[in-house]
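The next block holds one structure in the form of structure tokens; read it before the comments.
Please treat every number below as a calculation from the coordinates, not as lab data. Here the structure is a predicted model, which is why all the values come from computation and not from measurement. Quick reminder, even Gly has a Cβ in these numbers, built from the backbone with ideal geometry, and neighbours come from all protein chains shown.
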Amino acid sequence: MQVASPSTGIRVLIVDPHPGVRTALAQALGTAPGIGEVRAVGGAAEALAAVGTWRPDVVLLETKRRGGDGLDLLRRLARGGEGPPVLVVTSYPDALERLEVMLAGGSGYLLKDVATEVLVAAVLGAHRTRETEQGRDDR
């Protein structure tokens, strides 16, 4: 799935096994100021391929996945800080998972029912933080 916005703005990849969630997140982000293009995939292999070829600026990831590979996928996407910032977006809060996400290189932990403004602010903030860390802050 691909939602196109103006060519300016950041690229966001949504990785969630549920098509309805992918659609809802893509629609929420697709019209937000500062967001350029949103793509969504369901599987780990698709996510890794998209990060390798499309090079999104931020990834939204559901770690609760069939097969339990969510944290491993997070580590592979984040690549020790060399990959894009990865925000975990999940349905059920879990304090232990939140800690594991941060230790695995995640840039944040949000619930899926978060207000659109908060989601957009988190995505833009994760991108801005990464740009600043890499010395590419445009402000």
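Assorted remarks:
- Relative contact order for the chain, counting Cα pairs under 8 Å that sit 6 or more residues apart, in percent: 21
- Sum of -39500 (n - 2.57) over DSSP H runs of 4+, divided by residues of the chain (222 nm, nearest 500): -13000 deg cm²/dmol
- Candidates Leu25, Ala115, Ala47 compared by Cα position along the dipole of the chain: farthest toward the positive end lies Ala47, with charges placed on Cβ.
- Taking the Cα centre of region 2-133 as reference, the dipole from Cβ charges on Lys and Arg (+1) and Asp and Glu (-1) amounts to some 200 debye.
- Within a Gaussian network of the chain (alpha carbon springs, distance under 10 Å), most fluctuating of Asp16, Asp57, Asp113: Asp113
- In plain terms, the chain from Leu111 to Ala95 could stretch by 4.5 nm, reckoned as 0.36 nm per residue minus the Cα-Cα distance.
- Looking at region 2-133 alone, DSSP beta bridges between its own residues are antiparallel in about 15 percent of cases.
- Each residue, Leu48 and Lys64, gets one label point 7 Å from its Cα in the Cβ direction; the gap between the two is 2.5 nm.
- Centre-to-centre, using Cα atoms only, region 19-33 and region 59-84 are separated by 20 Å.
- Label selected from [x] 1.09; [y] 1.04; [z] 0.92, the criterion being Rg/Rh (Cα atoms, Kirkwood Rh) as computed here: [z]
- Helix runs (DSSP H) in the chain reaching 15 Å along axis by Cα, Kyte-Doolittle at least -1.0: 19-30, 116-133
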